[in-house]
Amino acid sequence: MEVADKLRILADSAKYDVSCSSSGSDRKNTKDGIGNAKLCGICHSFSSDGRCISLLKILMTNSCIYDCKYCMNRASNNIERACFTPREIADLTINFYKRNYIEGLFLSSGVIKNPDYTMECLCEAVRILRKEHKFNGYIHAKTIPGASQDLINKLGLLVDRMSINIELPSSQSLKLLAPNKEKEGILEPMKYIKKTVKEDCKFVRAGQTTQLIIGATPDTDHKILALAEGMYDKLNMKRVYYSAYVPLNNDDLLPAIEKPPLLRENRLYQADWLLRFYGFKVEDLLDEDHQNFNTLLDPKADWALRNLDQFPVEINKADYYTLLKIPGVGVLSAKKIIAARKYNKLTFESLKKMRVVLKRAKYFITCDGKYFSSSSFFNTNLISSALIHDERKQLIETSKSVQLSLFEPTMKDEVQCITGQL
Ligand code: SF4
């Protein structure tokens, strides 16, 4: 098989892995334009200084001895298979790099023969790149669950970032949908990477990430987010990526859905952000009575509405972390407010001038004792309705092509449930 054919197959097979931050686009050049974009093959990642870098995103092979129910590349699927040799991966990367198409490599693989053999091949591809081609660009490689520590160590000294996809949030779900994988085979390498990163500054310099599939099992948002929080706290995970389950295979064990639950995925990313930057804990956002996020509201607004007794917050007095809890107030706005109020009492007008976005925040604050509307508006039902209305408008504007089912017949009922309106 020609290398170009392998590239077509193996770049396409890699597109379901989101743990490197990726985007796909299929745009042809126009007559007087410059450049074009391919649906797969190149993805984007962000370096620690915030720079966006393009990566060649490929699998070494889409053959796999495992049979994870949700995966396109599972052994039982009858699909076109291909396999790069380590040298082909290295040569391809270096050629693309020299032509300025990419700045790095994201390399993953199905499992061939056994986890150690697959890891040996990945190590060899990266070794050729680093030692023979003297390539110093960014490399993110997948660790194969079940591979030996020696091989994880060998690969970790060659790459910048490593990831092991945890995929499913519970042992039961793994048993059901990924029967060849074991929780320990995923968690142990994560622990080893965490420990070795601390001890050796040359090992996996950009840290580790992982990916969780959302919606393939009945696991709740609470369970998913608690697992993510544990991985941030205990394993120093740089990022947990959430990937809405894409229904690709027919299997009685998989949920009968037609479209990936993208809105749910989006809510989890928003909640993840609240954990990492806003001082929230999972237990603040979800609990036994609220196991899943309300998809109609962002998690911070949802939380605020359930804790309305903590609002309205007086903008001229609240401390930094209280300001961060106001829906619509981010890190930048909170800092601006604290800096500006040293000199003047802040009003709604001055907040607007400072470019603090009040669309959501206005419902939850007072400025020098004043509320934006009459005090009777400060009421869960009225604020919910207003927020859901705004959120719907924004979702429609920003996700024209996305399958957010905003106009499904159930939508009206859901709005009514939340707002209590009949
Ligand atoms: S190990 Fe499972 S998820 Fe990974 S390629 Fe093989 S079948 Fe797919």
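The values are calculated or read from the model by the stated rules, or taken from the named source; none is laboratory data. Since this is a predicted model, take the numbers as computed values, not measurements. Heads up, the Cβs are rebuilt from the backbone with ideal geometry, glycines too, and the neighbour counts pull from every protein chain shown. Ligands, DNA and RNA are stripped out before the accessible areas are found, and what is left, the full protein with its side chains, is counted by its heavy atoms. Shrake-Rupley method; radii C 1.70, N 1.55, O 1.52, S 1.80 Å.
Key figures
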| read-out | value |
| --- | --- |
| Residue among Ile139, Ile144 that is in a loop (DSSP other than H, G, I, E, B), surrounded by 20 or more Cβ atoms within 10 Å (Cβ to Cβ) and free of Cβ contacts under 8 Å to residues at least 40 places away in the same chain | Ile144 |
| Residue under evaluation Met72, criteria (1) within 13 Å of the ligand (Cβ to nearest atom); (2) buried (at least 21 other Cβ atoms within 10 Å of the Cβ), criterion not met | (2) |
| Identity of the residue in the stretch 285-321, at pLDDT 95 or above and of a type in the set (Val, Ile, Thr), that ends up nearest to Ile365 (Cα to Cα) | Val313 |
| Selection status of Ile186, within 16 Å of the ligand (Cβ to nearest atom), assigned by TED's automatic domain parsing to the domain that holds Asn100, closer than 22 Å to Arg239 by Cα and in a loop (DSSP other than H, G, I, E, B) | no |
| Condition met for Ser171 (of a type in the set (Ser, Thr, Tyr), open to solvent by less than 10 Å² (accessible area, probe 1.4 Å) and either outside the structural domain of Gly185 (by TED's automatic domain parsing) or at pLDDT below 95 (or both)) | no |
| Conditions (1) of a type outside the set (A, V, I, L, M); (2) at pLDDT below 95; (3) under 30 Å from Asp219 (Cβ atoms); (4) open to solvent by 60 Å² or more (accessible area, probe 1.4 Å); number of the one not met by Lys359 | (3) |
| Elements of type helices (runs of 4 or more DSSP H) in the stretch 239-336, at least 2 residues being open to solvent by less than 60 Å² (accessible area, probe 1.4 Å) and under 21 Å from Gly369 (Cα atoms) | 299-306, 320-324 |
| Residue ID - surrounded by the fewest Cβ atoms within 10 Å (Cβ to Cβ), chosen from residues in the stretch 96-111 that are within 18 Å of Ile128 (Cβ to Cβ) and among the aliphatic types (A, V, I, L, M) | Ile102 |
| Residues (away from the ligand (no atom under 16 Å from the Cβ), at negative phi and of a type outside the set (A, V, I, L, M)) located in the stretch 50-69 | Arg51, Cys52, Ser54 |
| Residue among Ala216, Ala256, Ala226, Ala206 that is farther than 30 Å from Asn294 by Cβ and among the small types (Gly, Ala, Ser) | Ala206 |
| Total residues in the stretch 191-217, condition outside any loop (DSSP other than H, G, I, E, B) and under 18 Å from the mean Cα position of the chain (by Cα) | 7 |
